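In what follows, a single structure is set out as structure tokens and then discussed.
The values are calculated or read from the model by the stated rules, or taken from the named source; none is laboratory data. It should be emphasised that the depicted structure is a prediction, and the values quoted were computed from it without experimental measurement. Because the Cβ atoms are built from the backbone with ideal geometry, glycine has one as well, and the counts that use them run over all protein chains shown. These accessible areas exclude ligands, DNA and RNA; they are computed on the full protein's heavy atoms, side chains included. Shrake-Rupley method; radii C 1.70, N 1.55, O 1.52, S 1.80 Å.
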Amino acid sequence: MRYVRLDTPKPISKIGLGTWQFGSKEWGYGPEYERRAAEIVRRALDLGVTLFDTAELYGFGRSERILGAALGDDRAKVVVATKIFPLLPVAPVVQQRAVASAARLGVDGIDLYQVHQANPVVADTTTMRGMRSLQDVGLVGEVGVSNYGLRRWRFAEAALGRRVLSNQVRYSMIDRGPEEDLIPYAEQAGRIVIAYSPLAQGFVSGRYDATNPPAGAVRRANPYFLPENLERGTALIAALREVADAHDATPSQIALAYVLRHPNVVAIPGASGVEQMERNAAAAEIDLADDEYAALVAAAHAFRPVTGLAAVPRMVRARLGG
């Protein structure tokens with residue numbers, strides 16, 4: 001495993017484990033998944049993974065409980081990250097919710113406490129006042145944000161009066177917006193971009209095509225998995241397979257290596273089983289050659305999916321089987 005080269009109290013692994021699926025039924029992993037979730041966490045620890053990300057919203061607290069129980073006595077050795085859902089995130093509420101998350105996780109302190117989404121009405125001034133108080137009493141180590149643009153990330157830092165260590169955003173080969181400003185800022189300022197959905201919910205895995213769409217409510221609600229987009233992605237998957245063959249790897253591992261090529265980016269893919277956790281962790285060791293990276297960039301730029309309002313009627317037809 002490789003780690004981010006930053007001055008953090010605990011090392012942060014380049015591959016972490018995202019746990020949205022813990023305690024959530026919408027992924028379609030079945031009733032036995034809670035038992036497997038504990039096995040995945042234990043294997044991740046064996047592989048040197050130190051970053052475990054959850055949120056109070058995931059399974060309405062169940063993800064935090066499952067993760068905390070699975071980590072057991074190792075909770076103090078790793079970076080436990082969770083997120084507050086920003087419903088009225090004024091300072092007293094932030095403090096109360098942190099206490100509740102820590103209790104569910106079974107920890108004395110939350111290593112990284114993140115604002116799950118920028119609130120359009122409540123200013124970060126009051127939110128960060130709550131975060132600063134939590135840091136002052138030792139309940140929170142580092143503060144992070146999620147789904148923030150660069151301007152609001154920097155404003156949150158000014159409001160906190162300390163570093164906001166991380167910004168957790170959607171980043172993958174087909175969601176490359178963070179490359180424009182967030183990643184350059186992280187590298188310049190010594191911050192971290194945490195990439196969620198680094199495999200675009202499995203789109204870049206090569207497992208799905210127009211004749212074999214995914215199951216599960218989460219993926220079926222994602223316009224990337226429209227039959228037309230799966231067809232359009234054929235060339236991208238082919239480019240991934242070509243590089244993967246050269247590394248004796250899978251397309252998913254190469255897609256993760258693409259994201260991790262930036263030194264201040266870490267990725268938190270989920271895992272449906274121990275084997276997927278092992279493959280994800282191994283991706284941290286893959287070094288892409290310059291020409292391989294350039295080929296992947298070209299293939300990613302050439303992919304033009306149908307998204308936004310244009311995808312809505314197609315999503316409706318796909319749901320109705322038309």
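With every protein chain left in place, what is the accessible area of residue 155 in Å² (1.4 Å probe, nearest 10)?
Solvent-accessible area, nearest 10 Å²: 100 Å².
Can you find, among 297, 60, 190, the residue farthest towards the positive end of the dipole of the chain? Put +1 on the C-beta of Lys and Arg, -1 on that of Asp and Glu.
Going by the Cα projections, it comes out as 60.
If I model a spin label as a point 7 Å beyond the Cα along the Cα-Cβ vector, how far apart are those points for residue 189 and residue 289 in nm?
It is 3.7 nm.
Let's see if you can work this out: charge +1 on each Lys and Arg Cβ, -1 on each Asp and Glu Cβ, no other charges. What is the dipole magnitude of the chain about its Cα centre, in debye to the nearest 20?
Computed about the Cα centre, the dipole is about 1040 debye.
Any number yet on Rg/Rh for segment 27-136, C-alpha, Kirkwood?
1.01
About its Cα centre, what dipole magnitude does segment 1-133 give when the only charges are +1 on Lys and Arg Cβ and -1 on Asp and Glu Cβ, stated in debye to the nearest 20?
The calculated dipole for segment 1-133 is roughly 120 debye.
Which of these, 291, 111, 124, has the largest mean-square fluctuation under a Gaussian network model of the chain (Cα springs below 10 Å)?
In the Gaussian network model the winner is 291.
Using only the Cα atoms, what convex hull volume per residue in Å³ does the chain have?
On the way: hull volume 42.3 nm³, N = 322.
Residue-normalised Cα hull volume stands at 131 Å³.
What number, rounded to the nearest 500 deg cm²/dmol, is the helix-based mean residue ellipticity at 222 nm of the chain, given -39500 (n - 2.57) per DSSP H run of at least four residues and division by all its residues?
On the way: 13 runs with 136 residues, N = 322.
After summing the helix terms and dividing by the residues of the chain, the value is -12500 deg cm²/dmol.
If you bin the C-alpha pair distances of segment 147-289 every 5 Å from 0, what whole percents do you get?
Reading upward from the zero bin: 2, 10, 18, 19, 18, 14, 10, 5, 2, 1, 0.
So if R0 is 41 Å, what FRET efficiency would residue 96 and residue 7 give, r being the distance between their Cβ atoms, rounded to the nearest 0.05?
0.85
Quote the FRET efficiency, to the nearest 0.05, computed for residue 209 versus residue 46 with a Förster distance R0 of 41 Å and r equal to the Cβ-Cβ distance.
Once rounded, the FRET efficiency stands at 0.75.
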